[in-house]
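Novice: Let me give you the structure first, and then I'll get to my questions.
Rule-based calculations on the coordinates, nothing more; no lab input. Computed from a predicted model, the values in this text were never measured in an experiment. Please note: Cβ atoms are built from the backbone with ideal geometry, for glycine as well, and neighbour counts cover all protein chains shown.
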Amino acid sequence: MKAVTMQRRPRNSIEQRKADVRKYSKTAAVGVIGGGGIALIGLLAGASSLIVIGLVLAIALGGFGVAKVRSITNYRDPQA
């Protein structure tokens, strides 16, 4: 008898990859928005160090997320 849970669990590899793409794209979006927000606060406050930190964070987190999503979407299932 299977245990019934309320958690959505991927049943196959395609569903797992879809869930991973959603997770990494959300992470990238939050990182870019957060870094851009920090840069904007630095711009308004006149603090050049905050601008640089915000832009570096936005580029790094966005780039990481894009790279992960790209590697997942370019994955090819092995042929049987």
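Novice: Would you check the chain for Lys pairs whose C-alpha atoms are within less than 13 Å, ignoring same-chain pairs closer than 8 in sequence, and give me the count? Please report the intermediate quantities before stating the final value.
Specialist: Values: K18/K26; K18/K68; K23/K68; K26/K68.
For the chain, the number of qualifying lysine pairs is 4.
Novice: What length, rounded to one decimal in nm, is gained on full extension from A45 through to V66, with 0.36 nm per residue of separation minus their alpha-carbon distance? Before the final figure, lay out the partial values.
Specialist: Working: separation 21, 0.36 × 21 = 7.56 nm, distance 3.01 nm.
Extending this stretch completely gives an extra 4.5 nm.
Novice: Counting pairs of alpha carbon atoms under 8 Å apart in space and at least six apart in sequence, what relative contact order in percent does segment 28-73 give? All intermediate terms of the calculation are to be shown ahead of the outcome.
Specialist: On the way: 50 pairs, mean separation 20.4, N = 46.
So the answer I get is 44 percent.
Novice: OK, next. Using only DSSP helix segments of four residues or longer, with each worth -39500 (n - 2.57), what per-residue ellipticity at 222 nm results for the chain after dividing by its residue count and rounding to 500? If you can, show how the numbers build up before the last one.
Specialist: Numbers: 2 runs with 59 residues, N = 80.
The helix-only estimate for the chain comes to -26500 deg cm²/dmol at 222 nm.
Novice: Now, a different point. Between K18 and Q79, how high is the FRET efficiency from 1/(1 + (r/R0)^6) when r is the Cβ-Cβ distance and R₀ = 22 Å? Nearest 0.05. List each step's numbers first, then the result.
Specialist: Numbers: r = 21 Å, r/R0 = 0.94.
Efficiency, rounded to the nearest 0.05: 0.60.
Novice: Just need the Rg to Rh number for the chain, please, alpha carbons only, Kirkwood Rh.
Specialist: So for the chain, dividing Rg by the Kirkwood Rh gives 1.23.
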